[in-house]
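The values are calculated or read from the model by the stated rules, or taken from the named source; none is laboratory data. Since the model is a prediction, treat every value here as computed from it, not as a measurement. Virtual Cβ from ideal backbone geometry, glycine too; neighbours counted across all protein chains shown.
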């Protein structure tokens, strides 16, 4: 059993809000609604009898669906939709059941249902991303000027502000929201194209029927069949992978800065949280780790969706059916990651004193860029880099303070105007970090 389906672990791996959409009951009801609308619009155009359409719509919307009956029929026929059709047809009066799914294929029904369902998933994701962005904006504004050590390749780099770091996250989330807005028209398109995509089962009014059904369902009309063109759903799951990748990056940053030897950030600790059953002092970054776990699942699903883009001829079950495994997991896992990320930033602990302590510990190293650039006006940039780099290497090897190596080097301290070196080393600059935060917050 997948942890997403577990009664015990499911809440940490999935979304109670989205899970019902993809479970048997929710999915089957969604398919029934597509079939009911199809029958009603076929009747309106004279393609099937009006009485049959009314009975089909009544049964599909009002009668309970016997999922066990559907399961048996699916097993007996080996077909994805026929078990449901037969179970529904038996509940219809007279011969009305003969007209269920007239002219349509199982992929017409499932693709159309998926398109409508994923628009709902997109609404949830947009809501949660908006809330996440709002909280991060607050943090960026609050810590606009909170100085800390910037790190590159895991090593001490140059000074930044914590607000600057968070503003980078804000800007990234805004791009995800922009991508979603651009993607919606491509995602929310129904199918209803028939066996090979030519609407051959509906006669001359096929295009009109298609437009009417999509209008009823709140979906766009495809220019041509996309039965064998799976890029719409691959794009959406790929977007979920990008979103959860950003959440993973944020969580991983907190994970690293919560390390015992750093302690600049910490995820919120709820009463009763236990980090370890053997080391009672532990306070583990559980949310950060779980976000990363969920993001890995979504990235795996995105990879599977890319495989589905390649299929044979006008229909290929290998492409289409693999989506049935990837899409639900990606959606509920991404929703869980968004929820956890929201909890993480809502109560994020920021420790400016630790940030300043580490910056002070490394401030001479963090000032080497400024020293190099000041020296470059005398010697040229490449020569200045070589001299400062060599001084830093000597300081590391000998354990001598870098300040002394720079001051005593005739090619550095001997060339800079008196007092300039001390001034540059006193408080290294965080550049335009605050101005960049302001620019993001004004966006």
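Given (1) on the phi > 0 side of the Ramachandran plot; (2) in contact with a helix residue (DSSP H, G or I) (Cβ under 7 Å, 6 or more places away or on another chain), where does residue 203 come up short, assuming only one miss?
Against the list (1) on the phi > 0 side of the Ramachandran plot; (2) in contact with a helix residue (DSSP H, G or I) (Cβ under 7 Å, 6 or more places away or on another chain), residue 203 comes up short only on (2).
Say whether the condition of being surrounded by 15 or more Cβ atoms within 10 Å (Cβ to Cβ), within 27 Å of the chain's Cα centre (by Cα) and in a helix (DSSP H, G or I) is met by at least one residue in segment 214-231.
yes
Condition test on residue 374, is it under 15 Å from the mean Cα position of the chain (by Cα) and assigned to a helix (DSSP H, G or I)?
Working: under 15 Å from the mean Cα position of the chain (by Cα): no; assigned to a helix (DSSP H, G or I): yes.
No; evaluated as a whole, the condition is false for this residue.
Given the residues 83, 97, which is the only one that is crowded, with 19+ Cβ neighbours inside 10 Å, free of Cβ contacts under 8 Å to residues at least 40 places away in the same chain and either in the same structural domain as residue 192 (by TED's automatic domain parsing) or on the phi < 0 side of the Ramachandran plot (or both)?
Working: 97 fails: free of Cβ contacts under 8 Å to residues at least 40 places away in the same chain.
Criteria check complete, one pass: 83.
Each row is one residue, and each column tells you yes or no for (1) surrounded by fewer than 17 Cβ atoms within 10 Å (Cβ to Cβ); (2) more than 27 Å from residue 357 (Cα to Cα); (3) assigned by TED's automatic domain parsing to the domain that holds residue 174.
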position	(1), (2), (3)
378	yes, yes, no
384	no, yes, no
404	yes, no, no
415	no, yes, no
421	no, no, no
441	yes, yes, no
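Could you please let me know if residue 44 is closer than 20 Å to residue 208 by Cα and either touching a residue at least 60 places away in the same chain (Cβ under 8 Å) or surrounded by 14 or more Cβ atoms within 10 Å (Cβ to Cβ) (or both)?
Yes.
Does segment 143-160 include one or more residues that are surrounded by fewer than 19 Cβ atoms within 10 Å (Cβ to Cβ), touching a helix residue (DSSP H, G or I) at 6+ places or on another chain (Cβ under 9 Å), over 30 Å from residue 369 (Cβ atoms) and modelled with pLDDT of 95 or more?
No: zero hits.
Could you check segment 92-148 and list, in sequence order, the residues that are under 21 Å from residue 41 (Cα atoms) and not in a helix (DSSP H, G or I)?
If the condition is that a residue be under 21 Å from residue 41 (Cα atoms) and not in a helix (DSSP H, G or I), then 92, 93, 94, 95, 100, 101, 102, 103, 104, 105 are the ones that fit.
Would you confirm, using the coordinates I've provided, whether residue 184 is closer than 30 Å to residue 138 by Cα and either free of Cβ contacts under 8 Å to residues at least 24 places away in the same chain or not assigned by TED's automatic domain parsing to the domain that holds residue 134 (or both)?
On the way: closer than 30 Å to residue 138 by Cα: yes; either free of Cβ contacts under 8 Å to residues at least 24 places away in the same chain or not assigned by TED's automatic domain parsing to the domain that holds residue 134 (or both): no.
Considered against the rule, which asks whether it is closer than 30 Å to residue 138 by Cα and either free of Cβ contacts under 8 Å to residues at least 24 places away in the same chain or not assigned by TED's automatic domain parsing to the domain that holds residue 134 (or both), residue 184 comes out as no.
Would you mind stating whether residue 59 is buried (at least 20 other Cβ atoms within 10 Å of the Cβ) and under 16 Å from residue 39 (Cα atoms)? Give the derivation first.
Working: buried (at least 20 other Cβ atoms within 10 Å of the Cβ): yes; under 16 Å from residue 39 (Cα atoms): yes.
The answer is yes for residue 59.
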